[in-house]
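Chemist: Starting off with a structure, shown below.
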Amino acid sequence: MAHYVTYHGQLGAGNTYMGIPVDYGYQIHQQCVLGYVMGHTLGPTGCGRGPFHCHLTMLLAQPRQYQEAVTAYMVAHPEQPFISQAATTSVCIRRLAIDDAMVEEISMDNVVHTLIFNHIPVKWVAHAYPYGICWINQQYAAQTPLWG
């Protein structure tokens with residue numbers, strides 16, 4: 001994925017990837033690619049992708065919030081402890097399934113629930129922090145928002 005973004009997201013090109021800065025040496029940060037992939041892998045298909053991605057990047061920009069949500073989940077569900085997925089070659093992930101009529105109801109709770117349901121490690125969310133910050137900065141600098 002990083003090679004694809006580096007090739008197609010070059011400076012001055014029409015293809016840009018929100019949240020993934022490409023410097024003048026055509027280098028990108030792995031943390032930004034991780035956040036980008038998480039958003040596209042976990043988010044719903046269809047018109048719910050934009051709102052989900054917006055809330056995900058806000059969560060990535062404040063990773064301590066996910067740690068607190070995992071702790072609250074473990075307190076509320078002691079019979080089902082949170083066990084992070086191991087970083088192996090095969091990771092089982094399921095997208096958020098939501099009807100197009102319910103897109104306006106997507107919230108931070110849906111994102112946190114999706115991450116916890118998929119056993120996404122807190123380390124991954126903390127590691128993707130630069131992506132959240134870059135995406136929010138680029139989003140607010142853009143003329144028109146992506147999700148509206």
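Only the coordinates and a few stated rules stand behind these numbers; no lab work does. Please read all numbers here as calculations on a predicted model, not as lab measurements. Here Cβ is always computed from backbone atoms with ideal geometry, including for glycine, and neighbour counts include all displayed protein chains.
Chemist: Per 0.36 nm of contour for each residue apart, how much would the distance between Cys92 and His40 grow if the chain were fully extended, relative to their Cα-Cα spacing? Please report the intermediate quantities before stating the final value.
Modeler: Working: separation 52, 0.36 × 52 = 18.72 nm, distance 1.46 nm.
Extra length available between Cys92 and His40 comes to 17.3 nm.
Chemist: Okay, moving on. Sorted by mean Cβ packing within 10 Å, highest first, what order do the peptides 129-135, 67-73 take?
Modeler: Working: 129-135: 22.4, 67-73: 15.4.
Going by the mean number of other Cβ atoms within 10 Å, highest first, we get 129-135, 67-73.
Chemist: Once the Cβ-Cβ distance between Tyr140 and His77 is put in as r, and R0 is 30 Å, what FRET efficiency do you end up with, to the nearest 0.05? Intermediate values should be presented prior to the final figure.
Modeler: Working: r = 36 Å, r/R0 = 1.21.
Computed FRET efficiency for Tyr140 and His77: 0.25.
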